[in-house]
Amino acid sequence: MLNQKDLIKKVKNYNKFLNPETLSKAYKFAVNAHKNQKRDSGDPYLSHPVAVADILSDLKLDSATIATGLLHDTIEDTKATYKAVEKEFGKEVADLVDGVTKISELEGKVIENSKAENIRKLILATSKDIRVLLVKIADRLHNMRTLNSITDENRRKRIAKETMEIYAPLSDRMGMNHIRDELEDLSFQKLNPEARNLVVERLSINKDNRENTFKEISKNFTKILKKNGVKAKIVGREKTPFSIWRKMQTKRVSLEQLTDIIGFRVIVQDIQTCYKVLGIFHSNWSTIPGRFKDYISTPK
Ligand code: MN
């Protein structure tokens, strides 16, 4: 668990003008509010809001949002009130915490029988300030990462289903692709473990091979780009078991027929360089007819 000092240091790293006062106060407030609570895992409850704040600081969010991460369960689960939070942290933070609490209350009431799309709309409408939704997504991500410590199997399933139908699509809409992928794959693990194991097993067969291919291709790309005077950052990404599974289902293909289990991103300074790199790549390799998309001229 991140201690107060390290959390503040982490936020200071990307926010030089940070006044540590709010964060340090919020940390202490959370310590105090949750002091007699434990999570299902037996861990002190505090570990949860701290982990949420940690996730939010990975996203380099402002200090009101990080503070909200620390405080997000204090109105719902402890005796702290809106007034108390407002008095200590001001209206901005109190409203954010209140917004997160409202969404959590909503979950308990409507989710069972409502259509996922309606709930997503309701959550969006409730998060008038988009930071509310960011905290809620970070909250859900940590709950999913620790899902196995929840003792009630039905509750675990319900949370996983809700994540797949509601929070993964919301993260997608927010452009948080990494978090969407992780939420989906964690839910998949709970909702269809047999299918996931199958994909993982099949992937593991070629793993060494893939890793070598990956390094070789990266090296090759860097060499070719350098020769053409292009400065670029090359990032690889591997599909998650869930996204592989989904693609196999929707396209009705086998794992062997999937062409994009690994992919590369070549990140450059501007649009012009992007097209230049495209030209370089097309003169070295052929495109697959019908599979080439240009999201600059026709955005998604
Ligand atoms: Mn929470």
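The values are calculated or read from the model by the stated rules, or taken from the named source; none is laboratory data. Since the model is a prediction, treat every value here as computed from it, not as a measurement. Glycine gets a Cβ as well: all are built from the backbone with ideal geometry, and neighbour counts include every protein chain shown.
Going by what's in this entry, would residue 145 be described as among the basic types (Lys, Arg) and away from the ligand (no atom under 14 Å from the Cβ)? So residue 145 fails the test.
Of the helices (runs of 4 or more DSSP H) lying entirely inside region 1-107, those carrying at least 2 residues that are at pLDDT 95 or above and either assigned by TED's automatic domain parsing to the domain that holds residue 146 or under 30 Å from residue 177 (Cβ atoms) (or both) are 4-14, 20-33, 47-58, 63-71. In contact (Cβ under 8 Å) with a residue 40 or more places away in the chain, farther than 20 Å from residue 184 by Cα and in a loop (DSSP other than H, G, I, E, B): is that true of residue 253 in this structure? In short, no.
Within region 64-85, the set of residues being touching a residue at least 40 places away in the same chain (Cβ under 8 Å), among the hydroxyl-bearing types (Ser, Thr, Tyr) and surrounded by fewer than 21 Cβ atoms within 10 Å (Cβ to Cβ) comprises just one member, 78. In region 86-101, the residues that are within 16 Å of the ligand (Cβ to nearest atom) form Cβ pairs under 7 Å with partners that are of a type in the set (Phe, Trp, Tyr) and modelled with pLDDT under 95, at six or more places apart or across chains, as follows: 98/82. Of the residues making up region 207-225, those that are surrounded by 14 or more Cβ atoms within 10 Å (Cβ to Cβ) and either among the polar types (S, T, N, Q) or at pLDDT 90 or above (or both) are 218, 221, 222, 224, 225.
Per-residue answers, yes or no, for (1) touching a Leu at 6+ places or on another chain (Cβ under 7 Å); (2) among the hydrophobic types (A, V, I, L, M, F, W, C); (3) crowded, with 21+ Cβ neighbours inside 10 Å:
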{"position": "125", "(1), (2), (3)": "no, yes, no"}
{"position": "128", "(1), (2), (3)": "no, no, no"}
{"position": "148", "(1), (2), (3)": "no, no, no"}
{"position": "152", "(1), (2), (3)": "no, no, no"}
{"position": "161", "(1), (2), (3)": "yes, no, no"}
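Within region 23-52, the set of residues being farther than 18 Å from residue 81 by Cα, in contact (Cβ under 8 Å) with a residue 60 or more places away in the chain and surrounded by 19 or more Cβ atoms within 10 Å (Cβ to Cβ) comprises 48, 51, 52.
This table checks each residue for (1) of a type in the set (A, V, I, L, M); (2) part of a helix (DSSP H, G or I); (3) under 13 Å from the mean Cα position of the chain (by Cα).
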{"site": "117", "(1), (2), (3)": "no, yes, no"}
{"site": "120", "(1), (2), (3)": "no, yes, no"}
{"site": "135", "(1), (2), (3)": "yes, yes, yes"}
{"site": "142", "(1), (2), (3)": "no, yes, yes"}
{"site": "154", "(1), (2), (3)": "no, yes, no"}
{"site": "161", "(1), (2), (3)": "no, yes, no"}
{"site": "165", "(1), (2), (3)": "no, yes, no"}
{"site": "171", "(1), (2), (3)": "no, yes, yes"}
{"site": "184", "(1), (2), (3)": "no, yes, yes"}
